[in-house]
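J.: Got a structure here, written out as structure tokens. Questions coming.
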């Protein structure tokens with residue numbers, strides 16, 4: 001479903017050293033920020049700029065950014081969220097190509113070189129992505145699941161194979177054309193998937209499958225906030241409904257994508273709710289309960305039925 005409404009740059013000459021703009025939003029992640037910046041400084045490709053967008057962070061984000069003379073620093077006067085911070089970075093960027101690096105993550109040294117090579121070889125492509133690996137915690141695993149099917153919009157609907165945003169390089173003019181990232185609160189945590197879906201719906205994208213990014217695991221990571229991720233993920237999917245309805249391929253892919261969010265976020269959210277209830281955090285548990293009622297009722301019914309069976313028979317029904 002590629003219906004481009006603008007004409008992206010036909011090509012670029014690698015000998016002219018295409019300019020890459022890296023946008024690093026930061027909120028309460030100053031203790032990681034130096035690693036993100038230095039992963040950019042370690043790139044094998046040297047024609048780039050770095051913009052740190054301080055989303056009114058209460059820590060020492062400005063102090064860390066100012067340690068690097070070549071880093072452009074921009075600060076919001078109030079906390080506006082990840083989508084707004086990335087959009088501020090876009091407006092303050094000067095490159096033809098954009099990379100969005102969260103302050104707690106890192107690039108691998110050949111990221112820019114690998115992605116630009118694809119843009120050089122396939123000038124019609126507007127977004128390039130690759131693979132990533134976890135770091136920062138034990139017991140993490142990852143298997144690259146990029147689809148090779150011809151319709152990449154359908155593939156993104158089905159299982160959202162672009163995971164961390166810094167595994168992507170995208171043409172700036174395309175980001176401007178699609179309106180950048182959503183800034184509404186309901187998309188918080190899934191702004192990137194919503195954005196990539198809007199890009200793939202209109203422009204060619206390509207995955208080169210190379211390992212180019214590192215994705216940190218830590219306790220304060222937004223992707224571990226299961227109620228938030230389930231709510232925002234489903235909101236991002238529902239934005240696609242006007243383009244999905246009446247198209248069997250996309251309708252089937254949409255159902256798979258919704259199920260992916262439910263199976264990935266629903267079970268850990270249930271156990272998070274149970275723990276919070278047991279520890280007396282009732283207000284939080286009630287909010288989680290209503291998210292489950294709205295977005296994962298099947299899993300909630302399974303849990304409640306298991307509790308009934310346990311009370312009546314004494315048998316425990318395992319819950320995945």
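J.: With surrounded by fewer than 16 Cβ atoms within 10 Å (Cβ to Cβ) and in the same structural domain as residue 184 (by TED's automatic domain parsing) as the only criterion, which of 238, 201, 275, 217 stands out?
T.: When all the criteria are applied, what remains is 217.
Conditions tested, residue by residue: (1) within 14 Å of the chain's Cα centre (by Cα); (2) closer than 23 Å to residue 109 by Cβ; (3) free of Cβ contacts under 8 Å to residues at least 40 places away in the same chain.
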site	(1), (2), (3)
134	no, yes, no
137	no, yes, no
141	no, no, yes
150	no, no, yes
167	yes, yes, no
173	no, no, no
181	yes, no, no
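J.: Could you please let me know if residue 286 is assigned to a helix (DSSP H, G or I), closer than 29 Å to residue 29 by Cβ and not assigned by TED's automatic domain parsing to the domain that holds residue 167?
T.: no
J.: Mind telling me which of the residues 254, 243 ends up being buried (at least 21 other Cβ atoms within 10 Å of the Cβ), modelled with pLDDT of 95 or more and in contact with a helix residue (DSSP H, G or I) (Cβ under 9 Å, 6 or more places away or on another chain)?
T.: 254
J.: Which numbered condition trips up residue 113, out of (1) closer than 27 Å to residue 73 by Cα; (2) part of a loop (DSSP other than H, G, I, E, B); (3) more than 15 Å from the chain's Cα centre (by Cα)?
T.: (2)
J.: Among the numbered criteria (1) closer than 22 Å to residue 229 by Cβ; (2) at pLDDT below 65; (3) exposed (fewer than 10 other Cβ atoms within 10 Å of the Cβ), which single criterion is violated by residue 312?
T.: (1)
J.: Suppose we keep only residues that are part of a loop (DSSP other than H, G, I, E, B) and under 20 Å from the mean Cα position of the chain (by Cα) within the range 39-87. Which one would you say is surrounded by the most Cβ atoms within 10 Å (Cβ to Cβ)?
T.: That would be 55.
J.: For the structure I just gave you, tell me whether residue 92 is farther than 18 Å from residue 107 by Cα and either at pLDDT 95 or above or outside the structural domain of residue 184 (by TED's automatic domain parsing) (or both).
T.: yes
J.: Shifting gears a bit: Please enumerate the residues belonging to the range 289-302 that are at pLDDT 90 or above, buried (at least 16 other Cβ atoms within 10 Å of the Cβ) and within 17 Å of residue 263 (Cβ to Cβ).
T.: 291, 292, 295, 296
The values are calculated or read from the model by the stated rules, or taken from the named source; none is laboratory data. Bear in mind that the values here come from a model prediction, so they are computed numbers and not experimental data. All Cβ positions, glycine included, derive from the backbone under ideal geometry; neighbour counts span all protein chains shown.
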